[in-house]
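Below is one structure, written out as C-alpha cells; the observations come after it.
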Ligand SMILES: CC(C)(COP(=O)(O)OP(=O)(O)OC[C@H]1O[C@@H](n2cnc3c(N)ncnc32)[C@H](O)[C@@H]1OP(=O)(O)O)[C@@H](O)C(=O)NCCC(=O)NCCS
C-alpha cells in the first residue's frame, strides 16, 4: 500500500536512508525537513504496518524533481519501487507538474532501469556530480506524454 508519510514514519525513513545510501544518507534532520517542506510530497510503501520503501517528489509550478526513491534491500524486486514511482508521478501531475527531472548516479543500474521502464529519458550528464569519477545522469519524463 502506498500512502502519504506522516511524522510517525520519521524513524523508519531514517533507517531506510541508512540502509540504502550509507555515507550519502540523509540525516534525521534532513529527513524531517523533507517531511515538513510544503513543496515536498513524501510517500511510503507499507507491507502490513512496516515501512518498506519511500519516495519524495518536489513540485514547484510545472516542474517536479524526484528527490528520492528507495526500498529496503530485503524487500526489493517486489514492485515497491515501481509503485512508489508511479504514485510520485501521479502526485506531481495532480500538483500541476507536466514533467519530472531527476539525477541518478550513472552506475546505478537498478534505479536507471526503473526510471527507463517508467518512461524517463536521458537529458544530460553531470560529470563528477557525486565526486571525482562519479557522474550523474539527468533524466526527464513528460507527464502528459505518457
Ligand atoms: C532502485 C530501487 C528503488 C528499485 O526498487 P525495487 O522495489 O527493487 O524495484 P521494483 O521491484 O519495483 O522494480 C521495478 C523495475 O525496476 C527495474 N529494476 C529494479 N531492480 C532492478 C535490478 N536489480 N536490475 C535491473 N533492473 C531493476 C526493472 O525494470 C523492474 O521492472 P521488472 O521487475 O518488471 O523487471 C531499489 O533498488 C533501491 O532502493 N535502490 C537503492 C536506492 C537508490 O539507489 N535509489 C535511486 C536513487 S534516489
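Brief remarks on what is shown
- Residue selected from the range 66-86 under the condition out of contact with any helix residue (DSSP H, G or I) (no Cβ under 9 Å at 6 or more places or on another chain) and more than 6 Å from the ligand (Cβ to nearest atom), by the criterion farthest from residue 21 (Cα to Cα): 86
- Within the range 50-74, being surrounded by fewer than 15 Cβ atoms within 10 Å (Cβ to Cβ) and within 25 Å of residue 11 (Cβ to Cβ) holds for 50, 73, 74.
- Of all residues in the range 79-91, those that are farther than 14 Å from residue 64 by Cα and modelled with pLDDT of 95 or more have Cβ atoms under 9 Å from Cβ atoms of residues that are near the ligand (Cβ under 7 Å from one of its atoms) and assigned to a helix (DSSP H, G or I), 6 or more apart or on another chain, in 81/110; 81/111; 81/114; 82/114; 82/117.
- Yes/no for residue 94 being over 22 Å from residue 136 (Cα atoms), more than 15 Å from the chain's Cα centre (by Cα) and without any contact (Cβ under 8 Å) to a residue 40 or more places away in the chain: yes
The values are calculated or read from the model by the stated rules, or taken from the named source; none is laboratory data. These figures come from a predicted structure and were not determined experimentally. With ideal geometry, Cβ positions are generated from the backbone for all residues, glycine too; neighbour counts draw on all protein chains shown.
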